[in-house]
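Visitor: Pasting a structure below so you can have a look.
The values are calculated or read from the model by the stated rules, or taken from the named source; none is laboratory data. These numbers were taken from a predicted model, which means no experiment stands behind them. Note that each Cβ is placed from the backbone with ideal geometry, even for glycine, and that neighbours are counted across all protein chains shown. Side chains are part of the model used for accessible areas, which takes the heavy atoms of the whole protein and leaves out ligands, DNA and RNA. Shrake-Rupley method; radii C 1.70, N 1.55, O 1.52, S 1.80 Å.
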Amino acid sequence: MSYTEEDILKALMQVEDPDLHKDIVTLGMVRNLKLTETMVSFSVFLTTPACPMKEVIENACRTAIHHFVKMDLEIKIEMTSDVTSRKGDKSILPGVRNIIAVASGKGGVGKSTVSANLAAYLAGTGATVGLLDADIYGPSIPTMFGISGPVEMIESVGRKLMLPVEKNGIKLFSIGLLSRPDEAIVWRGPMVSSAIKQFVNDVHWGELDYLIIDMPPGTGDVQITISQMIPLNGVVIITTPQDVAIADARKAMAMFRMPAINVKILGVIENMSYFSPPDQPNLKYKIFGEGGAEKLCTEFNTDLLGSLPINAELCEASDNGSTTSGSYVNNLFSEITANLARKVSISNSLVI
Ligand code: ADP
């Protein structure tokens, strides 16, 4: 043959993962390499199916092989993924590769709406996804997904476990599945910890690429319990632009940064950032003020993962048991989800 496997690998060593800053061969992303005289085929295993750099990397592979090996070689690339995993304690939720908490300083800022959509968009990329509604004081995931109890039980390794409800390809679990919708649940300190423990240990989550945890708003017991008990990759903060919301988000971020809690802040998502009239999508009215979320990100040295508009379709969708809304918002959510998945992959590669 006029070229060798080594020639191909050398060429592919010119292709760098833009986030991990190493070449894709060294990172072990190139696998299943097969050669014939006229064709080369291989798989590229990305660190997440939501990788925003998919096309860039694929094009760079083609260019490198044509340039360094053979101009007329036919190239077949399978772009696939092998989701990287959180580091640290794997004794809790061993089958779950990444656990991301979604938190806010105050209620009503769209934390549950964003959690549900992040889960839906990650699942849409082909990832296996679970969503745990830990907002025990106001569980809204059952309404948002149109699901209800009773929860089914299964026996696994001699233990009785609760089965999450599957909807739209997402495994869902919520305290709301254990009570009637009109039933008020009064939670007291120690009960909270044991309920959270149960959601984590007694739910049959199985293998998941991502588990999203919709946290209760604020900086109370539940947030602290979850942060200390569950080995989180990190937390995403949801805020709206108003000064009051920003001030509360700042308190939540400061709590996650406390040494006893020490949860990485993966980024901030600003919800209800602006309003665009449906017939003038380029016009942005910043009704609730502007710049607050960016300032928070600078203060805490983290990234703004994206901004979402006030959008009637999004509101209607999340209130009516659906997570799909208009195409404009869809694009924004895809982008935000990709930004988050990317942050998770980068942080998995950094932690030793
Ligand atoms: P939280 O979990 O922070 O309490 P929710 O996700 O329950 O907030 O959202 C509160 C209300 O605001 C819901 O009725 C939801 O549909 C609506 N909502 C959330 N985000 C938006 C948005 N970007 N545009 C319009 N309505 C929204």
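Visitor: Provide the packing ranking of 107-115, 219-227, i.e. peptides ordered by the mean count of other C-beta atoms within 10 Å per residue, highest first. Please list the in-between numbers first.
Guide: On the way: 107-115: 22.7, 219-227: 19.4.
Most protected by this proxy first, the peptides run 107-115, 219-227.
Visitor: Let's see if you can work this out: charge +1 on each Lys and Arg Cβ, -1 on each Asp and Glu Cβ, no other charges. What is the dipole magnitude of the range 28-165 about its Cα centre, in debye to the nearest 20?
Guide: Using only the charged Cβ atoms, the result is roughly 360 debye.
Visitor: Can you find, among 71, 203, 220, the residue sitting farthest towards the positive end of the charge dipole of the chain, where Lys and Arg contribute +1 and Asp and Glu -1 at Cβ?
Guide: Farthest towards the positive end: 220.
Visitor: Read phi for every residue in the range 191-203 and hand back ³J(HN,Hα) as whole Hz from Karplus 6.51 cos²θ - 1.76 cosθ + 1.60, θ = phi - 60°, with x for Gly and Pro.
Guide: 5, 4, 4, 6, 5, 4, 4, 5, 4, 7, 8, 9, 10
Visitor: At most 12 other Cβ atoms within 10 Å plus a DSSP loop assignment makes a site exposed; report the longest stretch of the chain without any exposed GluC sites (Glu not before Pro). If you can, show how the numbers build up before the last one.
Guide: Working: sites that count: 37, 152, 183, 207.
Counting only loop sites that pass the neighbour cut-off, the longest clear stretch is 208-352.
Visitor: Moving on to the next point. Taking all protein chains as present, what is the carbon and sulfur share of the accessible area of the range 5-81, in % to the nearest whole number, probe 1.4 Å?
Guide: Working: 2050 of 4080 Å².
Carbon and sulfur together cover 50 percent of it.
Visitor: Next question. Placing +1 on the Cβ of each Lys and Arg and -1 on the Cβ of each Asp and Glu in the range 229-352, which of 341, 288, 308 has its Cα farthest towards the positive end of the resulting dipole?
Guide: So the residue we want is 341.
Visitor: Which of 84, 302, 38 moves the most in a Gaussian network model of the chain with Cα springs under 10 Å?
Guide: Between 84, 302, 38, it is 38 that shows the largest mean-square fluctuation.
Visitor: Further question on the same structure: How large is the charge dipole for the chain, taken about the Cα centre, if only the Cβ atoms of Lys, Arg (+1) and Asp, Glu (-1) carry charge, to the nearest 20 debye?
Guide: Values: 30 positive and 39 negative charges, 179 e Å.
Using only the charged Cβ atoms, the result is roughly 860 debye.
Visitor: A further question follows. Given the rule -39500 (n - 2.57) for each run of at least 4 DSSP H residues, summed and divided by the residues of the chain, what is its mean residue ellipticity at 222 nm, to the nearest 500 deg cm²/dmol? Write out the running numbers ahead of the final one.
Guide: Working: 10 runs with 120 residues, N = 352.
The helix-only estimate for the chain comes to -10500 deg cm²/dmol at 222 nm.
Visitor: Of the cross-linked pairs 34/76; 171/197; 76/343; 54/284; 106/251, which ones have a Cα-Cα span greater than 21 Å in the structure shown?
Guide: Violating the 21 Å Cα-Cα cut-off are 76/343; 54/284.
Visitor: With +1 assigned to the C-beta of every Lys and Arg and -1 to the C-beta of every Asp and Glu, and no other charges, what is the dipole magnitude of the range 5-81 about the Cα centre in debye, to the nearest 20?
Guide: Computed about the Cα centre, the dipole is about 120 debye.
Visitor: Can I ask one more? Around residue 335, under 15 Å between beta carbons, what's the net of Lys plus Arg minus Asp minus Glu among the other residues? Please list the in-between numbers first.
Guide: Details: positive: 54, 342, 343; negative: 55, 270, 303.
Local charge sum for residue 335: 0.
Visitor: Once phi is turned into ³J(HN,Hα) by the Karplus curve 6.51 cos²θ - 1.76 cosθ + 1.60 with θ = phi - 60°, what whole-Hz value does each residue of the range 334-343 show in order, with x for glycine and proline?
Guide: Per-residue couplings from phi come out as 4, 5, 5, 4, 5, 4, 5, 4, 5, 4 Hz.
Visitor: In addition: Expressed as cubic angstrom per residue, what is the convex hull volume of the alpha carbon set of the range 5-81? Spell out each step's value before the answer.
Guide: Values: hull volume 5.8 nm³, N = 77.
Looking at the range 5-81, the number lands at 75 Å³ per residue.
Visitor: With every protein chain kept in place and ligands, DNA and RNA left out, what is the accessible area per residue of the chain? Probe 1.4 Å, answer in Å².
Guide: Numbers: 16340 Å² over 352 residues.
I get 46 Å² per residue for the chain.
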